[in-house]
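Let me begin by presenting the structure, written as structure tokens, before commenting on it.
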Amino acid sequence: MSEATPPPHDDEPNPYQSPQADDSPAAGEAPSGAFESLYMAVALGATLVGVAISPGVGILIGLVAIPVMIRSLMLFRGRERRGLATSRGKKVGFIASSTMAAIGIYLMLTAFFAAWLFFGFYSGIVAVCGSGPRETPLNVTLFLLLGLGALLTGGWLSLKVIRTRWQEDVEAEDKAANRPPD
């Protein structure tokens, strides 16, 4: 009589089986590129529809949507390169906050540009009406410098806001994970 070999135990791993690769996205995370492609299509489509309806509206939509789209895609790729997981909800949050920041930056630049125009226009009026051809009153120089200062301040503040937001969105998590930033 020959004895039958006992069946293999289910709790023992098979030494000849290779481990399964897990390339599936984490829960709540879109497959790489799918969300970004959809977002690009929506941003560009909204811009083109706006241009078709009214060119002025399309330009305004494009002024906000295109820079936000470029910044968001750079942010997503930067986070992916650093190994930081970005769920769909977080991506939507980044896009929404970038849109609000872009609108705020445009409003701030508009205010500083309006100040520059006001001071420049006022100094021109004072220069033409208030003095002779050889004299340059102090008011003209002061208002021209104030206008130029307003324009430069607006540009500097815009760059500061953009850099701070990038650091918060990407490099803050690097610091939390004790990784050196790029």
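The simple spin-label model puts a point 7 Å past each Cα toward its Cβ; for residue 161 and residue 59 those points are separated by 2.1 nm.
Hey, what D do you get for segment 32-86 in µm²/s if you plug the Kirkwood alpha-carbon radius into Stokes-Einstein at 25 °C and 0.890 mPa s? Write down the numbers at each step before the final one.
Working: Rh = 11.9 Å.
It comes out at roughly 206 µm²/s.
Sorting check: for 154-163, 141-150, which peptide has the highest mean count of neighbouring beta carbons within 10 Å, and how do the rest follow? Intermediate values should be presented prior to the final figure.
Values: 154-163: 13.8, 141-150: 16.1.
Going from most to least packed, we get 141-150, 154-163.
Kindly identify segment 60-111 as rounded, prolate or oblate by the Cα gyration tensor criterion: order the square roots of the eigenvalues as a ≥ b ≥ c, call it rounded if a/c is under 1.5, otherwise compare a/b with b/c, prolate if a/b is larger, else oblate. Prolate.
The numbers here are math on the coordinates, done by the rules we state, and not lab data. All of these numbers come straight from a predicted model, not from anything done at the bench. Here the Cβ is made from the backbone with ideal geometry for all residues, glycine too, and neighbour counts use every protein chain on show.
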